[in-house]
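This report concerns only the one structure given below.
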Amino acid sequence: MRLSSARQGIRGNSRAVGIVSAALLGLAITGCGSDENGPGDDPTADGSGSSSASDTTSPFDGSTQPEATPSPELVTSEELAGDPCTAINDIDAFALGLTNPEESEGDSGKTCNWETRDGVSAGITIHLSEDAETVAEDWKDGRDTDAAIDGYTVIQEEFQAICFTIVATSPDQSFMITTIGEEQYQSTLCPLGTSFAELVLAHLETA
């Protein structure tokens, strides 16, 4: 995806450039190697004692549906700000078509970005000391959408190739989902941002 396409519609906002750059800097995560050794000549090696896939940790690549796991305890905004890649789990990522989470650092703190196979990216940034309206001021020249999540204030601004979804989690805290994609994916960016935000809220302890 070209950086220039994501900048269009954003009027000289240096903060936007930082977010767009962070979203486009995700590096592919290399999966853990598998053990290719067979049982060999060991008469006790019947396969029952070999390491299973669950014994090793490998990055979720989105190609197969991960096994269901018990719902984790709710996390706080402070915990997510320190580790934003835990905002959604593998089941959530699969449902959204996202893969390969990658953390980066920006002016607003840590961001985690995911990708789709089509080249769309989605990232989350936690704002611990800014309400949704303050965060949305940076994007007020965008096209307001009709995004709504029951029980929460949601502000969504759409530009060419990018959509910002800001959700108030308390009177003075919020988080922002940034979705970026080329022209053919324009109509999917804001709906993806809304769905992403809903899954984040399902795991987030809010006031």
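Summary of computed values
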{"read-out": "Complete set of residues in segment 71-88 that are outside any helix (DSSP H, G or I) and surrounded by fewer than 17 Cβ atoms within 10 Å (Cβ to Cβ)", "value": "Ser71, Pro72, Glu73, Leu74, Val75, Thr76, Asp83"}
{"read-out": "Matching residues in segment 179-192 - criterion: being of a type in the set (Val, Ile, Thr) and open to solvent by 10 Å² or more (accessible area, probe 1.4 Å)", "value": "Thr188"}
{"read-out": "Leading residue by the ranking (farthest from the chain's Cα centre (by Cα)) among those in segment 193-206 that are touching a residue at least 60 places away in the same chain (Cβ under 8 Å) and open to solvent by less than 30 Å² (accessible area, probe 1.4 Å)", "value": "Leu204"}
{"read-out": "The lone exception for Asn100 - which of (1) part of a strand (DSSP E or B); (2) closer than 15 Å to Val200 by Cβ; (3) not acidic (Asp, Glu) it fails", "value": "(2)"}
{"read-out": "Residue check for Asp172: surrounded by fewer than 23 Cβ atoms within 10 Å (Cβ to Cβ), of a type in the set (Asp, Glu) and under 19 Å from the mean Cα position of the chain (by Cα)", "value": "no"}
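So that you can scan it fast, the table gives a plain yes or no per residue for (1) open to solvent by less than 10 Å² (accessible area, probe 1.4 Å); (2) in contact with a Leu (Cβ under 8 Å, 6 or more places away or on another chain); (3) without any contact (Cβ under 8 Å) to a residue 24 or more places away in the chain; (4) closer than 21 Å to His203 by Cβ:
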position: Glu115; (1), (2), (3), (4): no, yes, no, yes
position: Ser129; (1), (2), (3), (4): no, no, no, no
position: Ala147; (1), (2), (3), (4): no, no, no, yes
position: Tyr152; (1), (2), (3), (4): no, yes, no, yes
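Residues are listed down the side, and each one gets a yes or a no for (1) in contact with a Pro (Cβ under 7 Å, 6 or more places away or on another chain); (2) closer than 25 Å to Gly82 by Cα; (3) without any contact (Cβ under 8 Å) to a residue 60 or more places away in the chain; (4) not β-branched (Val, Ile, Thr):
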position: Asp107; (1), (2), (3), (4): no, yes, no, yes
position: Lys110; (1), (2), (3), (4): yes, yes, yes, yes
position: Ala122; (1), (2), (3), (4): no, yes, no, yes
position: Val135; (1), (2), (3), (4): no, yes, yes, no
position: Ile155; (1), (2), (3), (4): no, yes, yes, no
position: Glu158; (1), (2), (3), (4): no, no, yes, yes
position: Ser170; (1), (2), (3), (4): no, yes, no, yes
position: Ile180; (1), (2), (3), (4): no, yes, no, no
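The values are calculated or read from the model by the stated rules, or taken from the named source; none is laboratory data. Worth saying up front: this structure is predicted, and the values here are computed from it rather than measured. In this analysis, Cβ positions are derived from the backbone assuming ideal geometry, glycine residues included, and neighbour counts consider all displayed protein chains. Side chains included, ligands, DNA and RNA excluded: accessible areas come from the protein's heavy atoms. Shrake-Rupley method; radii C 1.70, N 1.55, O 1.52, S 1.80 Å.
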